[in-house]
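The values are calculated or read from the model by the stated rules, or taken from the named source; none is laboratory data. Note that this is a predicted model, so its numbers are computed, not measured. When we count neighbours, we look across all protein chains shown, and the Cβ atoms used for this are built from the backbone with ideal geometry, even at glycine.
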Amino acid sequence: MEPVRAFIAIELPPAVKSGLAGLQDCFKRSEPAPVKWVDPGSIHLTLKFLGNIDADSITQLTRSISEAARGITPFQLETGKPGGFPNLRAPRVLWVGLRCNTDSLSILQRNIESALVPLGFPREKKGFSPHLTFGRVRDKASADDRHRLGEIAASLEVDSPLTFTVDSFNLMRSVLTREGPIYSRLHTFTLQGG
């Protein structure tokens, strides 16, 4: 069987996707810099990127991920200010930060990391930084372009954060195409707690 490019993610409700589309519009109006904008319908919170996996391993993966989610109840996330990786002086990636009023998101992500180590998926070397990527600055962007994008991100005020409840997350498939990645759900995990 052909390998499956997979990741684990929290999908966003329509209101959040719409809010992110509006944020993209603010950037587009302020600066026509060379940015590849992420389709708002595809923006998600990645909990763990798995890469190419063997299709036969999906059953074992879902079992381990289900175990990692056991005991975690639904929780709320809230969008924060825009930012950039590696920094706002010369961003390569534009994103919106996320806040959680509980430790639930961090616990879920750590549990997933721990559950997948025995299956051959190493822990991430970088700490988990919850964010929603909405744009990637193209390689041809000049230092001035990048600096200006960073200034726009730093100056944008978020009038009212978008709050949403996370009651499930998904094992996702990613198919890369010229037009961008196409995502589909392989399995949904419901947070029930208890």
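Observations on the structure shown:
- Top-ranked residue in region 47-85 [being among the small types (Gly, Ala, Ser) and closer than 16 Å to Gln109 by Cβ; ranked as modelled with the lowest pLDDT]: Gly71
- Answer residue from region 1-23, given it is in a helix (DSSP H, G or I) and touching a residue at least 60 places away in the same chain (Cβ under 8 Å) and is farthest from Ala55 (Cα to Cα) among those: Leu23
- In region 95-118, the residues that are surrounded by 19 or more Cβ atoms within 10 Å (Cβ to Cβ) reach residues that are in a strand (DSSP E or B) and polar (S, T, N, Q) with C-beta atoms within less than 6 angstrom, at least six apart or across chains, in these pairs: Trp95/Thr133; Val96/Thr79.
- The single condition among (1) of a type outside the set (Lys, Arg); (2) closer than 21 Å to Phe169 by Cα; (3) outside any loop (DSSP other than H, G, I, E, B) that Gly71 does not meet is (3).
- A single member of Lys28, Lys48, Lys36 is in a strand (DSSP E or B) and surrounded by fewer than 16 Cβ atoms within 10 Å (Cβ to Cβ), and it is Lys36.
- Qualifying residue in region 144-162 (condition: surrounded by 19 or more Cβ atoms within 10 Å (Cβ to Cβ), under 20 Å from Pro14 (Cβ atoms), in contact (Cβ under 8 Å) with a residue 12 or more places away in the chain and under 17 Å from the mean Cα position of the chain (by Cα)): yes
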